[in-house]
Amino acid sequence: MGICITATGLHIPKDSISNEELVTTFNTYVDNYNKKNAQAIENGEKVALQHSTSEFIEKASGIKSRYVIDKKGILDPEIMAPIFPARKLGEELSIMAQMGIGALQNALDNAGLLADDLDGIICACSNFQRVYPAIAIEIQDAIGMKGGFAYDMNVACSAATFGIAQAVGSIKAGLGKRIAVVNVEITSAHLNWRNRDSHFIFGDVAAATIIEELDTPKGYEVLDSKLWTQFSANIKNEYGFMDRAEFLAMDKEMHFDIKEPVNDKLFLQEGRKVFREVCPKVSEIISTHLAENHIDKSSVKRLWLHQANINMIDLILRTVMGKDADKAIAPIAISEFGNTSSASPIVAFHLHQDGVNSGDLGVICSFGAGYSIGSVIIKKV
């Protein structure tokens, strides 16, 4: 008897944006801004914005492109945000549910299961387009899963590993034998595409993972999970339903004009602080987790890490596995997908299993806002 990851699935949006396309739009916006505010800039009242470059983006992050639901709005210098047609809840699927169903159905097909074989669905994401009813319950209904349970949870970029841990715990508690974890990330909607330091980071995707209790294990057996959190405001996104009340309390006119985003409420991070503080802690958590399970690092064949930044991935790999570690141990998906938040380690896991043989050990690890870190040790059956 074992609890196993038996399949994963992806839903990838049709639009992709290259660094070159993104830079062209960003620099046009910068030129327009500087021209419009030339006098204020000359008087020292405002600071001139600086151009971005493809070389800067790739060196800083390792990203060459990213998938998004709508590239037209993002690449319009007057808008620089995705545009989604409004959908009436109860009459049409929400866009998050639609993406989640795409990934989940792909995972079910790969596992040889039907939706009604599931006992639970956990939708674990960084952002939700509404507070309730739960996206997970909408997915449950639309995909044809009768009975069981579904709920949403948010642990930012660590939501996938925390979701897997919750699924395993639910199975051990007798709440079900098959549970799906779905990570839907429409990060293009929470990103400030006008911020030079972060305008290139994120992409959209949905991932799904099937966790089953089996008499005869298959896929990857989940050996253990380790979760850690510590409060930090160095990565944040404060945009939410409370903004209306806060603005009214300050007697300011509230507006949700897509051309004038609430920039200080969208994704913000202190990148250098995050790098200095998070990387050592991630390495410590993984190393401690392995030691607690009496696993020597030399036995680990794969580290499927959160695809936050190629430099972070490289540093964590070298810290955990040694300075001369083979980079193939920590496969990369960020160059094509960008940072897809909670979905990113599952994207890497889904795409990069070649060369992993029966008995091999691996770690799925996430890290992000909170701070939050999740480590899941798995063994190929």
Exercise. Dipole size in debye (nearest 20) for the range 2-217 around its Cα centre, Lys and Arg Cβ +1, Asp and Glu Cβ -1?
Worked result: 360
Exercise. Order of Cys125, Cys279 from fewest to most other C-beta atoms within 10 Å?
Worked result: Cys279, Cys125
Seminar exercise, completed: From DSSP H assignment alone, runs of 4+ in the chain each adding -39500 (n - 2.57), the sum over residues rounded to the nearest 500 puts [θ] at 222 nm at -10000 deg cm²/dmol
Exercise. Dipole size in debye (nearest 20) for the range 35-98 around its Cα centre, Lys and Arg Cβ +1, Asp and Glu Cβ -1?
Worked result: 100
Exercise. Within the chain, what's the longest stretch lacking GluC sites (Glu not before Pro) that sit in DSSP loops with no more than 12 other Cβ atoms inside 10 Å?
Worked result: 92-252
For this session: Please identify, among His289, His11, His51, the residue showing maximal mean-square fluctuation in a Gaussian network model of the chain using a 10 angstrom Cα cutoff.
Result: His51
Problem set entry | Cα-centre dipole for the chain with unit charges at Cβ (Lys and Arg positive, Asp and Glu negative), debye to 20 | 600
Exercise. Here are several values of P(r) over Cα pairs in 20 Å bins from 0, in percent: (i) 19, 26, 18, 14, 10, 7, 4, 1, 0; (ii) 25, 45, 26, 4; (iii) 28, 57, 14, 1. Which one was derived from the coordinates shown?
Worked result: (iii)
Exercise. Rg/Rh for the range 107-197: what does it come to with C-alpha atoms and Rh from Kirkwood?
Worked result: 1.03
Exercise. Tell me, what HN-Hα J-couplings in whole Hz come from the Karplus equation 6.51 cos²θ - 1.76 cosθ + 1.60 at θ = phi - 60° for each residue of the range 52-68, using x for Gly and Pro?
Worked result: 10, 9, 4, 5, 4, 4, 5, 5, 6, 9, x, 8, 10, 7, 7, 8, 9
Exercise. In what sequence do Lys64, Lys379 fall when counting other Cβ within 10 Å, fewest first?
Worked result: Lys64, Lys379
Exercise. When DSSP beta bridges are limited to those with both residues in the chain, what percentage is antiparallel, rounded to the nearest 5?
Worked result: 75
Exercise. What residues have an amide H closer than 5 Å to that of Ala7, excluding those fewer than 5 places away on the same chain, when H is modeled at 1.01 Å from N in the peptide plane?
Worked result: Ile210
Seminar exercise, completed: For the range 2-217, Rg(Cα) over 2.2 N^0.38 Å is 1.22
For this session: For the chain, build the charge dipole from Cβ charges (+1 Lys, Arg; -1 Asp, Glu) around the Cα centre, then report which of Ala291, Asn127, Gln50 sits farthest towards its positive end.
Result: Ala291
Exercise. Taking the simple approach of a point 7 Å from Cα along Cα-to-Cβ for both Lys59 and Asn34, what is their distance in nm?
Worked result: 1.8
Seminar exercise, completed: For the range 72-102, listing trypsin sites (Lys or Arg not before Pro) in a DSSP loop whose Cβ sees at most 12 other Cβ atoms within 10 Å gives Lys88
Exercise. Taking amide hydrogens as modeled 1.01 Å from N in the peptide plane, which residues meet the under 5 Å criterion relative to Phe202, leaving out close sequence neighbours?
Worked result: Asn339
Seminar exercise, completed: In this structure, among Lys226/Lys380; Lys35/Lys265; Lys265/Lys323; Lys64/Lys323, pairs with alpha-carbon gaps over 28 Å are Lys265/Lys323
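Taken together, the values in this text are just the output of simple stated rules run on the coordinates, not laboratory data. Everything quoted here is computed from the prediction, not taken from an experiment. Using ideal geometry, Cβ is built from the backbone for each residue, glycine included, and neighbour counts are taken over all protein chains shown.
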